[in-house]
């Protein structure tokens with residue numbers, strides 16, 4: 001297997017990893033937990049932004065820790081997504097620098113993975 005083939009295989013693997021991580025991120029809740037005291041009772045809400053609107057969703061006490069954990073996992077996973085994206089860009093530059101792969105070929109491969 002040539003160096004070019006190995007680099008293209010690594011590029012495809014990174015794109016596949018990015019796609020998998022992105023779908024994991026999308027399955028986890030966004031936002032943060034806010035606490036409100038109403039008539040002496042404590043209520044927790046998950047809040048997140050959509051455009052200019054802040055949306056809220058009541059979180060029952062029983063689910064509070066699970067929702068918090070999922071929000072933390074989403075934030076960590078989003079950081080991992082940024083790292084993988086950076087690696088993809090770095091490998092893409094290396095591939096273009098070798099001039100063995102054209103921009104059109106890379107665009108075609110990226111399109112396969114909806115990147």
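No value in this document is a laboratory result; all are computed from the given coordinates. Quick caveat: nothing in here was measured; it's all calculated off a predicted structure. So basically every Cβ, Gly included, is an ideal-geometry build from the backbone, and we count neighbours across all protein chains shown.
Below, the figures for the structure above:
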{"item": "Only listed residue being farther than 23 Å from residue 23 by Cα, surrounded by 13 or more Cβ atoms within 10 Å (Cβ to Cβ), touching a helix residue (DSSP H, G or I) at 6+ places or on another chain (Cβ under 7 Å) and touching a residue at least 24 places away in the same chain (Cβ under 8 Å), chosen from 95, 106, 81, 91", "result": "95"}
{"item": "Filter result for residue 68 (more than 18 Å from the chain's Cα centre (by Cα) and more than 30 Å from residue 109 (Cβ to Cβ))", "result": "no"}
{"item": "Among the residues listed as 68, 74, the single one being surrounded by 11 or more Cβ atoms within 10 Å (Cβ to Cβ), touching a residue at least 24 places away in the same chain (Cβ under 8 Å) and in contact with a strand residue (DSSP E or B) (Cβ under 8 Å, 6 or more places away or on another chain)", "result": "68"}
{"item": "Qualifying positions in the stretch 21-48 - out of contact with any helix residue (DSSP H, G or I) (no Cβ under 8 Å at 6 or more places or on another chain) and surrounded by 11 or more Cβ atoms within 10 Å (Cβ to Cβ)", "result": "34, 36, 43, 45, 47, 48"}
